[in-house]
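Only one structure is covered here, and it is reproduced in the block below.
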Amino acid sequence: MATDSNRLGDTMATETATRLVHRNININNTNAVVTDSSISSGEVTNHVEKHAEDLIQWKRHVERVKSKVLDQIQGHLSDLLDKALTESVQTFTQNENHGNNDVNHVNNKHVTRDGTVTTTNNNENSHRTHTEKDGKVFMDRRSILDDLFEINHIRTIYHMFISVLFLFIISTLAVDYIDQGRLVLEFDLLSYAFGKLHIVGLAWLLMFSYTLAVPYYALALWGTLYHRSPVQGVLSVGAGLVLSALQAALLGVLPIYVVFHYQLPPASRFIIILEQIRFLMKSYSFIRENVPVILKHKTKEGEGPRFPTFSSYLYFLFAPTLIYRESYPRNPHIRWNYVGVMFAKILGCLFYGYFILVRLCIPVFMNDSNKPFSTRTLVLALFHATLPGMLLLLLAFFAFLHCWLNAFAEMLRFADRMFYKDWWNSTSFANYYRTWNVVVHDWLYYYGYRDFLWLSRRKFRTAAMLSVFVVSALVHEYVFTLGFGFFYPVMFCLFAFFGVAFNFTLNDNRKSPVWNIMMWTCLFIGQGVMVCLYCQEWYAQIHCPRTGASFWELVTPRSWSCSN
């Protein structure tokens, strides 16, 4: 394709030169006629200048046409290469998995972005072939921000955010020096929010140990007995009930007990609850992917069913994905400097969030908490919270979806880094929901939406979509309720009502850039509502504590009636 592009450019240049020669001949002929006709030298000069100007304009026109043609060829070539790369990886994966049935070890091979093939030897028995019909196909690809930060213009925007962090630090030092005569940064809010980390560590270790051992060996035991048992249905139901009870006790009740019994601060609560949900989703994916394989497996006499290796399951528990596979595309080596930079950026995002809360949120809502609840107070607080709310959203995205997941992916040599897509370019909320968090979206799509369609024989697509929204809304509300320690269904309403409405009204048919502006405006307002209402309720819970434990007092926001 590159040779064709050069040939096209050379052909156009040759045609241009030919036309220039003809025009020069015409000019010379014109000069001869002018000389023979005794026309004045001024007219000859004007005539030549006119032709020279035409030549310049023609040359510029040819350059523009050449540039457009080359751009079109380059874009078409890029699409063809992306398609060919995807198809080659899928085909290579299928062939590799078929070949693994004849050998005792697997050579994990994947095509890198420069077209080379790397090989990683793993002592695993991979016996599944995954295509798009079976589920998500993993391949070697970088995160979008890593590509964008190689562009100077995009990196400058990133530098602007860093400069704002420096301004926060300088302003905090200046205010403290003027008010209190000292130049000391005290991160008391961070130390409070991440308090009692030793309890968090013990609770996490217990949840991890259970998730590592029980689901794996429960599946292995059931798979060993299933094809030998005369009552396969009873065995499956019994194993499912026992495992569900253990999941509910160890990954359901235990984290909630730890959160409330030890009165953990907010950030420590969020760590335990988010890890609880992650372990539940990971163990479900592991069982969901392997149960159909065991059911379909035809065992020969004297031969047991084939199970995934324990090392592959252990790797999956730390891998930055919620979709289980026995093997993933792997990078050839670990860039430890990249890992260090990612963790440094996470630390910077924590301090960034601290300054946003201390400088933009706490002074406003601490004073507003003493005022009675009214429409005026709510509207003013809402517009005060839009900017810090959006900054906190961007920080959460950058710190977790980019830095945290990329750091673990690099340490595990996990090659598929598509944890998000270009959600900032979305012109519809339907596309925004698909591209904001690809890791969670994949889990909801394959195990929620597609399984619902399979159970309903693909008859209730709208119901399947609504069920995914309701589940997502309930889980988000569960996280925020336990994280903050009070019930205020702001997140549930935003997801279950406004999220559903925007998903169907601002859909993929909206292509104009105006809709991208609309999406960003709604995001600003939504984040402002969340920060405003949760901050008001936080201080209302402090100034007006509950006097009883009745149901309505527990579910009624204190900010509606608190005026102290």
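The values are calculated or read from the model by the stated rules, or taken from the named source; none is laboratory data. Computed from a predicted model, the values in this text were never measured in an experiment. Every residue, glycine among them, receives a Cβ derived from its backbone with ideal geometry; neighbour counts consider all protein chains shown. The area values use the complete protein model at the heavy-atom level, side chains included, leaving out ligands, DNA and RNA. Shrake-Rupley method; radii C 1.70, N 1.55, O 1.52, S 1.80 Å.
Laid out as a table, the results:
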| item | result |
| --- | --- |
| Largest-first ellipsoid semi-axes for region 155-243, taking √(5λ) over the Cα gyration tensor eigenvalues, angstrom | 58, 18, 9 |
| Highest average packing first - 268-281, 456-469, Cβ atoms within 10 Å | 268-281, 456-469 |
| Rg to Rh quotient for region 454-502, alpha carbon positions, Kirkwood Rh | 1.12 |
| Distance (nanometres) between label positions extended 7 Å along Cα→Cβ at F460 and E150 | 4.8 |
| Simple label model, 7 Å out from Cα along Cβ direction - H261 to R306, nm | 4.4 |
| Percent accessible area from carbon and sulfur atoms, region 234-356, protein chains only, probe 1.4 Å | 71 |
| Cα-projected label distance for Q57 with K196, points at 7 Å along beta-carbon direction, nm | 8.0 |
| Cα centroid of region 381-396 to Cα centroid of region 236-299, whole Å | 33 |
| Members of K196/K421; K459/K511; K282/K421; K282/K345; K59/K421; K282/K511 lying beyond 31 Å, as alpha-carbon distances in this model show | K196/K421; K59/K421; K282/K511 |
| Charge context of S268, other residues only, Cβ under 12 angstrom, K/R +1, D/E -1 | +1 |
| Prolate/oblate/rounded label for region 240-346 (Cα gyration tensor, a/c 1.5) | oblate |
| ³J(HN,Hα) computed for each position of region 429-435 - Karplus, 6.51 cos²θ - 1.76 cosθ + 1.60, integer Hz, glycine/proline x | 6, 4, 6, 4, 5, 6, 10 |
| Rg over Rh, two decimals, region 493-545 (C-alpha only, Kirkwood Rh) | 1.18 |
| Dimensions in Å of region 332-456 - Rg and Dmax from alpha carbons | 19.5, 61 |
| Contour excess over end-to-end distance, with Cα ends at V175 and A248 and 0.36 nm allotted per residue | 21.3 nm |
